[in-house]
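Below you'll find the structure, written out as structure tokens, and then a few comments.
The values are calculated or read from the model by the stated rules, or taken from the named source; none is laboratory data. Everything numeric here is computed off the predicted structure, so don't read it as measured data. Here the Cβ positions follow ideal geometry from the backbone for every residue, glycine too, while neighbour counts run over all protein chains shown. Each accessible area value is taken on the protein alone, full model and side chains, heavy atoms only, with ligands, DNA and RNA left out. Shrake-Rupley method; radii C 1.70, N 1.55, O 1.52, S 1.80 Å.
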Amino acid sequence: MRIPCPFCGDRDSREFTVLGDATLIGRPDPSAPDALAKFTVYLHERDNPAGLHRELWYHGPGCQSWLVVTRDTRTHRIDKVEAARDVPREGTSR
Amino acid sequence: MKYSALSLAWNALSGHTRWKPAWRDPAPRPQYDVVICGGGGHGLATAHYLAKVHGLTRIAVLEKGWIGSGNAGRNTTIIRSNYLLPENEPFYEWSMKLWEGLEQDLNYNAMVSQRGVLNLYHSDAQRDAYARRGNAMRLNGADAELLDEAAVRRMLPFLDYENARFPIQGGLLQRRGGTARHDAVVWGYARAADGRGVDIIQNCEVTSIRTRNGRVEGVETTRGFIAAEKVGLALAGSTSLVASSAGLRLPIESHVLQAFVSEGIKPFIDTVVTYGAGHFYISQSDKGGLVFGGDIDGYNSYAQRGGLPIIEDVCEAGMALMPRIGRVRLLRLWGGIMDMSMDGSPIIDTTPVKGLYLNTGWNYGGFKATPASGWCFAHLIATGAPHWTARGYRLDRFATGYVADEKGVGAQPNLH
Ligand SMILES: Cc1cc2nc3c(=O)[nH]c(=O)nc-3n(C[C@H](O)[C@H](O)[C@H](O)COP(=O)(O)OP(=O)(O)OC[C@H]3O[C@@H](n4cnc5c(N)ncnc54)[C@H](O)[C@@H]3O)c2cc1C
């Protein structure tokens, strides 16, 4: 698999480390009254789709950026790669 | 027909032309007491024990392809009960005991071979951890022996003992562990369940679960609606897809695990060995092929094939452990879709939907669990209460904090 990094260009997937579902960038507010329930869901529950999946990859040996990759989990076709810092966060405290 | 030396001789006389199919091919009935979704090892074992131990009769197993076409027919066939945690060890030891009597129970040769499973250690810290695990195993009635380097050398003289970075210091051996023939396990359970009246329905994909007022009514399938009072999911890597139709969002990610088999060679390895400094495990099949594997690819996948980086990684680890395999040619490789859970342990539990039961989260180690998983899932479905060896496998443990994380890596399913 090759990942088109927005900063470094098309690179071999060996250069990247995968973290998982991109919902992980939307950390719940730890001081909210329902923080415990929110964190339980945030940490453990996943949509786990067969099809398009947005996920976090880190380009360590390249630009050292966190990326949000939109990939089809049935074919590994990559539709979109964005810098994670440009992706709007839901449910964050700031 | 009961298989025996006599039936073999009898059929030999008629040129093996009179063998009957080992199970029927029934059309789905409109309604069952229990419908099990997924005709892998776990689904078929569940049906067998529901019929045999709990006396239920109106049972169907629905399989989207042919039985055993999923992970049950793709795994590296290692069976063992060498776990540390109290949630896991009694369960896997119960499974090992069921393996030991399986062929008599099913009247089927599953080629259960207790050739031993040896986990190598390469440092003092790893030896201590293995000693602790061995003690936990023995406290739960399993067998475990801690071997030093000399003892490992006697067993496997051809390993690379001179490796400067990861010297082999010894290993934890479970002699009762070993391998079983995966397809035969599937066929044996199917034949035994069928013999007790279970309908095994192949080419029947479950497309969604029909519920009403929080209760299960049945399943929609590619062969029409099938009503059932109780529905059990044993879908391995596809669980999330079907469970989501009943509104469940599960602590599961689907990942691909690859396996490899070499050309057939003369008898070379008479046990199962795992490398302790990288992810690599190997045994030799009765046909002579070396069967080995390593890590999952690491990213979510529903494609039953993996990528080149892991193939290289597995081969490198193999070469570091036993350089001798370097000239053996790879014959085949393939992938299966694993239901990776958030703590690396399985789930056998009821769900918030009444009548819907869940069996998932087997990670890359559910083959060895097949008999106990079927036993405990059948127990849960028939009695409504968890079997005592599976009490830890609750769905709500991620909320309550009672997780069973053997590896201690937290909610990072691609690291378990
Ligand atoms: C490469 C590899 C190596 C492994 N090595 C080992 C090992 O050495 N030791 C060990 O203990 N474990 C091992 N495992 C893990 C083990 O194979 C699995 O955990 C176990 O087989 C899962 O249970 P199962 O047999 O019921 O799964 P499966 O055989 O995958 O059963 C699930 C079934 O559900 C069917 N299905 C899916 N969706 C639907 C639907 N919508 N409707 C109807 N049917 C559906 C599938 O076709 C499949 O037949 C390995 C797995 C792989 C992939």
Please label the shape of the protein assembly as shown as rounded, prolate or oblate, based on the square roots a ≥ b ≥ c of the eigenvalues of the alpha-carbon gyration tensor (a/c under 1.5 means rounded; beyond that, a/b larger than b/c means prolate, else oblate).
oblate
Amide H neighbours of A:Arg11 at under 5 Å, excluding residues fewer than 5 places away on the same chain, with H built from the backbone geometry, are A:Ile3, A:Cys5
Net charge near A:His59 (other residues with Cβ under 10 Å of its Cβ; Lys, Arg +1; Asp, Glu -1) is 0
Calculated FRET efficiency for the pair A:Asp10/B:Glu316, C-beta based, R₀ 25 Å, to 0.05
0.50
Segment B:138-158 versus segment B:184-207: alpha-carbon centroid distance in Å
39
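Give the carbon-plus-sulfur fraction of the accessible surface of segment B:88-153 in %, rounded to a whole number; probe 1.4 Å, heavy atoms of protein chains only.
Of the solvent-accessible surface of segment B:88-153, carbon and sulfur hold 47 percent.
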Net charge near B:Ala9: determine it from the other residues with C-beta under 14 Å of the C-beta of B:Ala9, scoring Lys and Arg +1 and Asp and Glu -1.
+2
Using DSSP H assignments, which helices in chain B have an axial alpha-carbon span of 18 Å or above and a mean Kyte-Doolittle hydropathy of 1.0 or higher?
B:308-321
Would you mind working out the accessible area per residue for chain B, using a 1.4 Å probe, and quoting it in Å²?
42
Can you give me the Cα centroid spacing of segment B:325-387 and segment B:89-109 in angstrom?
16
Using the structure shown, list the pairs from B:Lys64/B:Lys230; B:Lys64/B:Lys407; B:Lys20/B:Lys52; B:Lys52/B:Lys287; B:Lys52/B:Lys368 with a Cα-Cα distance above 25 Å, or answer none.
B:Lys64/B:Lys407; B:Lys52/B:Lys287
Taking R0 as 30 Å and r as the Cβ-Cβ distance between B:Trp334 and B:Asn163, the FRET efficiency 1/(1 + (r/R0)^6), rounded to the nearest 0.05, comes to 0.50
In segment B:265-301, the residues losing 30 Å² or more of accessible area (1.4 Å probe, heavy atoms of protein chains only) relative to their chain alone are B:Tyr299, B:Asn300
Accessible-area loss of at least 40 Å² in the complex relative to the chain alone (1.4 Å probe) applies, within segment B:374-416, to B:Phe398, B:Ala411, B:Gln412
Tell me, which residues of segment A:19-55 get at least 20 Å² less accessible area when the other protein chains come in, versus the chain alone (1.4 Å probe)?
A:Leu19, A:Thr40, A:Leu43, A:His44, A:Glu45, A:Arg46, A:Asp47, A:Asn48, A:Ala50, A:His53
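Quick one: net charge around B:Tyr108, please, counting Lys, Arg +1 and Asp, Glu -1 for every other residue with C-beta under 13 Å from its C-beta. Let's see the in-between values first.
Values: positive: B:Lys2, B:Arg181, B:Arg191; negative: B:Glu103, B:Asp105, B:Asp183, B:Asp194.
Once positives and negatives cancel, what remains is -1.
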Kindly express, to the nearest 10 degrees and within the range 0 to 90, the angle between helix A:35-44's C-alpha long axis and the longest C-alpha principal axis of chain A.
30
Rounded to the nearest 100 Å², what's the accessible area chains B and A bury against each other, both chains counted, probe 1.4 Å?
2100
Once phi is turned into θ = phi - 60°, what whole-Hz ³J(HN,Hα) does the Karplus curve with 6.51, -1.76 and 1.60 give for every residue of segment B:201-214, x standing for Gly and Pro?
10, 8, 6, 9, 8, 7, 9, 6, 9, 8, 10, 8, 6, x
Expressed as a whole-number percentage, the relative contact order of segment B:324-416 with C-alpha contacts under 8 angstrom and at least six residues apart is 35
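Grab the DSSP H runs of chain B that are 4 residues or longer, score each as -39,500 (n - 2.57), total them, divide by all residues and round the 222 nm result to the nearest 500 deg cm²/dmol.
-8500 deg cm²/dmol
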Hey, can you grab everything whose amide H is under 5 Å from the amide H of B:Gly298? Only 5+ residues off in sequence or another chain; H modelled, so Pro and N-termini drop out.
B:Val256
